[in-house]
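I have placed the structure first, in the form of structure tokens, so that the comments after it can refer back to it.
The values are calculated or read from the model by the stated rules, or taken from the named source; none is laboratory data. Just so we're clear, the structure is a prediction, and the values are computed from it rather than from any experiment. Backbone-built Cβ (ideal geometry, glycine too); neighbour counts: all protein chains shown.
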Amino acid sequence: MTVTPPVSAPLESLERRLRSPLLHFIGGHWVPSHSGDTFDFHAPSDNRRLGVAASGDATDIDRAARAAHDAFPAWRALSGRKRRALLYRVADLIEARATEIATAESVDTGQAIRFMKSAATRAAENFRFFADRAEAAQDGLSLPTEGFLNYTVRQPVGPVGVITPWNTPFMLSTWKIAPALAAGCTVVHKPAEWSPVTATLLAEIMHEAGLPAGVVNLVHGFGESAGRALTEHPLIRAIAFIGESRTGSLIQKQGADTLKRVHLELGGKNPVVVFDDADLDRALDAAVFMIYSLNGQRCTSSSRLLVQRSVHDAFVDRLAERVAHIRVGDPLDPATEVGPLIHPRQFEKVCSYFDAAREDGATIRVGGERIGDTGNYVRPTLFTNARNDMRIAQEEIFGPVLTVIPFDTDEDALRMANDVPYGLAAYLWTNDLTRAHTFAHGLDSGMIWVNSENVRHLPTPFGGMKASGIGRDGGDYSFDFYMETKNVAINLNGHRAQQLGLPRPDPKEQ
Ligand code: NAD
């Protein structure tokens with residue numbers, strides 16, 4: 001595990017930056033917490049202290065919410081064209097600083113640098129995609145009826161809270177913040193406490209791009225204090241949340257008193273189903289990529305592999321060979337495929353499933369152990385001889401860990417695919433068109449890919465069923481969340497209508 005930074009300049013600039021505490025960004029100013037409290041955050045590669053961040057509480061959130069509230073009328077009134085221009089500028093600056101962002105994300109979260117540059121590029125794409133829709137976001141429907149013209153218009157809901165997790169945090173933050181801003185909402189962002197660095201870069205970039213003071217605010221801190229206060233604040237109209245299912249349920253409870261609109265993007269235990277008629281080479285590549293890239297820490301990772309029994313043994317032999325040769329190492333080494341897990345707590349959680357697999361009678365075919373004594377490195381792991389009722393098949397592990405289960409018939413496969421608390425994504429591998437469609441219709445998953453890994457098309461709906469969440473992002477679905485739809489009904493039955501001989505509804509029917 002050698003450290004080979006892609007370029008040393010971004011690393012040096014990151015180290016310089018982290019000599020000072022990361023501050024909140026409220027109302028256009030970088031400020032410490034009113035209490036002076038801070039928290040340490042650590043580098044997953046060796047758990048050294050990477051830096052210190054201001055630790056926000058209800059008072060800091062209140063300041064940020066008021067700043068977002070004060071900035072809302074002017075931001076809402078700005079033309080869609082002007083909002084579009086500003087968001088394009090944000091995208092340009094993200095691209096210009098992509099190497100710096102990728103380096104910071106890698107160091108802070110342990111994600112391999114090879115994936116982080118494209119995550120930054122995707123973040124810029126998110127801004128441009130939603131910016132292009134800013135002008136038309138308020139458009140509605142025309143619903144004429146006898147004697148009346150009804151039409152709908154949309155308007156932004158107001159200041160919104162965005163609460164994000166530690167997996168690919170920069171890209172995921174833009175997935176929420178970009179549509180909120182394009183819709184005309186103002187934002188208070190509370191990033192995950194284990195990965196505060198790139199949220200700071202994003203706030204800096206948005207400020208540099210010329211977003212007016214208070215339009216985007218950032219408050220660092222813990223979920224139980226800063227996060228909770230955001231969900232309970234009366235000036236915050238809606239909460240866009242990405243994180244664990246049990247946190248999602250807390251957020252619904254916390255937001256109940258202020259009737260908060262909530263959008264929850266939660267966990268997954270996503271099946272990849274390989275039928276014996278599939279292109280097995282492509283299926284193998286995709287299965288490996290979808291669980292062992294990004295450290296297995298993406299919500300749509302394919303953590304359960306259901307393989308038809310007739311091809312199961314040969315497929316698993318080839319899979320085991322591939323998993324055994326995945327390169328684990330320093331996240332900044334361009335050759336690294338799997339980096340360290342973000343935090344000792346997540347590391348312990350993943351390792352606990354090695355014991356669970358043994359206790360429940362599965363086979364650890366590859367991996368199942370930590371690597372070295374420094375940092376949070378685990379060996380990419382493959383569990384075989386598993387059943388769908390085992391903990392390793394039911395619970396979200398969120399690491400480079402895959403559970404394989406054989407199946408005989410389509411009915412078996414569908415039952416097992418659906419028999420988990422989650423319903424986020426599923427992947428089907430078959431060359432039988434009828435089977436693909438029929439199976440896809442039977443799946444309780446928000447997103448299904450056939451003969452493909454996760455390839456995003458930004459206008460399509462993104463989100464899950466069951467414990468995987470409530471609501472959809474993407475294209476117009478995002479605007480449905482960040483905007484209110486109102487109906488205007490115009491009575492066309494004045495005396496002119498009568499003179500013109502136009503139909504008038506009987507008032508008794510109204
Ligand atoms: P988490 O739920 O622990 O934390 C997410 C965020 O919520 C953090 O910012 C945290 O500080 C905050 N938080 C915690 N408690 C809170 C509370 N009581 N009130 C308000 N905020 C609170 O999740 P995590 O461990 O950071 O992220 C990993 C999880 O995110 C996984 O389950 C993963 O599947 C999920 N995820 C889902 C999607 C999706 O699109 N469905 C995408 C990425 C990640």
In this structure, is F347 in a helix (DSSP H, G or I), within 16 Å of the ligand (Cβ to nearest atom), of a type outside the set (V, I, T) and crowded, with 21+ Cβ neighbours inside 10 Å?
yes
Among A203, A226, A256, which is under 26 Å from R472 (Cα atoms), more than 17 Å from the chain's Cα centre (by Cα) and surrounded by fewer than 23 Cβ atoms within 10 Å (Cβ to Cβ)?
A256
Is it true that R415 is more than 16 Å from the ligand (Cβ to nearest atom), among the charged types (D, E, K, R), surrounded by fewer than 20 Cβ atoms within 10 Å (Cβ to Cβ) and modelled with pLDDT of 95 or more?
yes
For the stretch 160-199, enumerate the residues that are more than 16 Å from the ligand (Cβ to nearest atom) and of a type in the set (S, T, N, Q).
T186
Say we look at the stretch 454-471 and pick out the residues that are of a type outside the set (A, V, I, L, M, F, W, C), in contact with a strand residue (DSSP E or B) (Cβ under 6 Å, 6 or more places away or on another chain) and at negative phi; which of these is surrounded by the fewest Cβ atoms within 10 Å (Cβ to Cβ)?
G464
From (1) more than 18 Å from V157 (Cα to Cα); (2) buried (at least 23 other Cβ atoms within 10 Å of the Cβ); (3) not small (G, A, S), pick out the condition that doesn't hold for E208.
(2)
Collect the residues in the stretch 221-265 that are among the small types (G, A, S) and in contact (Cβ under 8 Å) with a residue 40 or more places away in the chain, keeping them in residue-number order.
G221, G223, S225, A226, G227, A229, A238, A240, G243, S245, G248
Checking the condition assigned to a loop (DSSP other than H, G, I, E, B), surrounded by 21 or more Cβ atoms within 10 Å (Cβ to Cβ) and aliphatic (A, V, I, L, M), which residue from I397, I405, I392 passes?
I397
Residue list for the stretch 253-272, restricted to those being farther than 11 Å from G469 by Cβ and of a type outside the set (S, T, Y)
K253, Q254, G255, A256, D257, L259, K260, R261, K269, N270, P271, V272
Hey, L202 at pLDDT 95 or above, away from the ligand (no atom under 11 Å from the Cβ) and either among the basic types (K, R) or part of a helix (DSSP H, G or I) (or both) or not
yes
Listing of strands (runs of 3 or more DSSP E) fully contained in the stretch 206-293 that carry 1 or more residues being within 16 Å of the ligand (Cβ to nearest atom) and over 22 Å from L305 (Cα atoms)
216-218, 238-242, 261-265
Pull up the stretch 450-497, narrow it to residues that are within 16 Å of the ligand (Cβ to nearest atom) and of a type in the set (S, T, N, Q), then point me to the one that is nearest to L306 (Cα to Cα).
N454
Can you spot a residue in the stretch 169-176 that is part of a strand (DSSP E or B), under 16 Å from the mean Cα position of the chain (by Cα), surrounded by 22 or more Cβ atoms within 10 Å (Cβ to Cβ) and not polar (S, T, N, Q)?
no
Being closer than 22 Å to G80 by Cβ and assigned to a helix (DSSP H, G or I) is the filter here; which residues of the stretch 177-199 pass it?
I177, A178, P179, A180, L181, A182, A183
Among the residues in the stretch 430-449, are any in contact with a Gly (Cβ under 9 Å, 6 or more places away or on another chain), of a type in the set (A, V, I, L, M, F, W, C), part of a loop (DSSP other than H, G, I, E, B) and within 15 Å of the ligand (Cβ to nearest atom)?
no
